[in-house]
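The values are calculated or read from the model by the stated rules, or taken from the named source; none is laboratory data. Computed from a prediction, not measured in an experiment: that's the story for all the values here. Note that we place each Cβ from the backbone using ideal geometry, even for glycine, and neighbour counts take in every protein chain shown. Ligands, DNA and RNA are excluded from the accessible area calculation, which covers all protein heavy atoms including side chains. Shrake-Rupley method; radii C 1.70, N 1.55, O 1.52, S 1.80 Å.
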Amino acid sequence: MTRHPRRLIVAVNPLASFGRNRAVGPAVVARLVDEGHRVQMLREANFELLRREAESAFAQGADGVIVVGGDGMVSLGANLVAGTGVPLGVVAAGTGNDLARGLGLPHDDPGAATEALVAALGREPRSVDAARVEHGGTTTWFACILSAGFDAIVNERANRMTRPRGPSRYTLALLRELATFRPRRYAITIDGERREQRAMLVSVANNVSLGGGMRVVPHADLSDGLLDVFIVHPLSRLRLLRVFPKVFAGTHVDHPAVEFRTATRVRLESDDAIAYADGERIGSLPVDIEVVPGALRVFV
């Protein structure tokens, strides 16, 4: 039993990984209680209700917020604790689990992830960067990647699909969107420098991967105080299809159509593009993004 019990909120997505990991949340709570922590478990019928309950519970005070699920749950947790100093813990039990990958946490074994959390609760939390998005008068935080192009459209289709279950759903959604996708025209302002161009996609990354291990920015660093802007210039469908498999290994970085820029502030504008951040829909562009160094404390 721990000598330093904490007051913990544990928010559980019962539909994580399409419901295959329903037992993980209660098992995490039981393990934390065994360690002597005071635990409040939240598990609601839908994400919006869970978000509201989590906000209400957090307002009552907590020493940590634990999310059980995938990157959608990371988004929920980050939007609760970013900038507050209250640490976030992640038990990866979803489809993508990209923040867990970036933090070096177990991402394909909920039992191992639970034990890693128990151990991390006995250590000083680590500080990592987070990004703040301004859109339509609202502020949203993300820990991993904001997508605003072909990848966002694929994400939107993948979220509507019920099959297949797992990361291959993203690949199938990509192939379906590829048939009709055209490059978009963007205005991209990077640290005050504005440019207008056509592009297949524009992503703003704090972390390495999205979509369950697609290493879109393999050199991204969660703690460098910078964002990495990833731009894919116009490609034919055939050439895009050839480049796509390289993303899983991160070997696309030398392709002539691929560009990377570092930034602390980014504004994205387009007449016909949407933005997703950590798998959650932000909405139509424009969006303004700013890195906030050390805004997120995490149990690792």
Residue in region 179-200 that is touching a residue at least 40 places away in the same chain (Cβ under 8 Å), assigned to a loop (DSSP other than H, G, I, E, B), within 24 Å of Leu285 (Cα to Cα) and under 22 Å from the mean Cα position of the chain (by Cα) present: yes
Restricting the search to region 67-124, which residues are within 11 Å of Asp278 (Cβ to Cβ) and not small (Gly, Ala, Ser)? Asp71, Met73, Val74, Leu76, Asn79, Asp98, Leu99
Phe58 modelled with pLDDT of 95 or more, at negative phi and open to solvent by 20 Å² or more (accessible area, probe 1.4 Å): yes
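Among the residues of region 76-95, count how many are touching a Ser or Thr at 6+ places or on another chain (Cβ under 8 Å) and open to solvent by 10 Å² or more (accessible area, probe 1.4 Å).
Residues meeting the conditions: 3.
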So is Phe230 surrounded by 15 or more Cβ atoms within 10 Å (Cβ to Cβ), modelled with pLDDT under 95, of a type in the set (Phe, Trp, Tyr) and within 21 Å of Ile153 (Cβ to Cβ) or not? no
Residue match in region 139-161 (condition: surrounded by fewer than 21 Cβ atoms within 10 Å (Cβ to Cβ), of a type in the set (Ser, Thr, Tyr), at pLDDT below 95 and on the phi < 0 side of the Ramachandran plot): no
Can you run down the residue pairs with Cβ atoms below 6 Å, 6 or more apart or on separate chains, where the first is in region 279-294 and touching a residue at least 12 places away in the same chain (Cβ under 8 Å) and the partner is among the acidic types (Asp, Glu)? Gly279/Asp71; Leu285/Glu269; Pro286/Glu269; Asp288/Glu134; Val291/Asp129; Pro293/Asp129
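Each row is one residue, and each column tells you yes or no for (1) part of a loop (DSSP other than H, G, I, E, B); (2) in contact with a Phe, Trp or Tyr (Cβ under 9 Å, 6 or more places away or on another chain); (3) closer than 16 Å to Arg132 by Cα; (4) in contact (Cβ under 8 Å) with a residue 60 or more places away in the chain.
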{"site": "Val204", "(1), (2), (3), (4)": "no, yes, yes, yes"}
{"site": "His219", "(1), (2), (3), (4)": "yes, yes, no, no"}
{"site": "Leu235", "(1), (2), (3), (4)": "yes, no, no, no"}
{"site": "Leu240", "(1), (2), (3), (4)": "no, yes, no, yes"}
{"site": "Val243", "(1), (2), (3), (4)": "no, no, no, no"}
{"site": "His252", "(1), (2), (3), (4)": "yes, yes, no, no"}
{"site": "Pro256", "(1), (2), (3), (4)": "yes, no, no, no"}
{"site": "Leu268", "(1), (2), (3), (4)": "no, yes, yes, yes"}
{"site": "Asp271", "(1), (2), (3), (4)": "yes, no, no, yes"}
Scan of region 96-122 for residues that are open to solvent by 20 Å² or more (accessible area, probe 1.4 Å), assigned to a loop (DSSP other than H, G, I, E, B) and touching a residue at least 12 places away in the same chain (Cβ under 8 Å), ordered by number: Gly104, Leu105, Pro106, His107, Asp108, Gly122
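Would you check which residues across region 123-138 are open to solvent by 10 Å² or more (accessible area, probe 1.4 Å), of a type outside the set (Asp, Glu), in contact (Cβ under 8 Å) with a residue 24 or more places away in the chain and in a strand (DSSP E or B) and list them?
Answer for region 123-138, where residues must be open to solvent by 10 Å² or more (accessible area, probe 1.4 Å), of a type outside the set (Asp, Glu), in contact (Cβ under 8 Å) with a residue 24 or more places away in the chain and in a strand (DSSP E or B): Arg126, Ser127, Arg132, His135.
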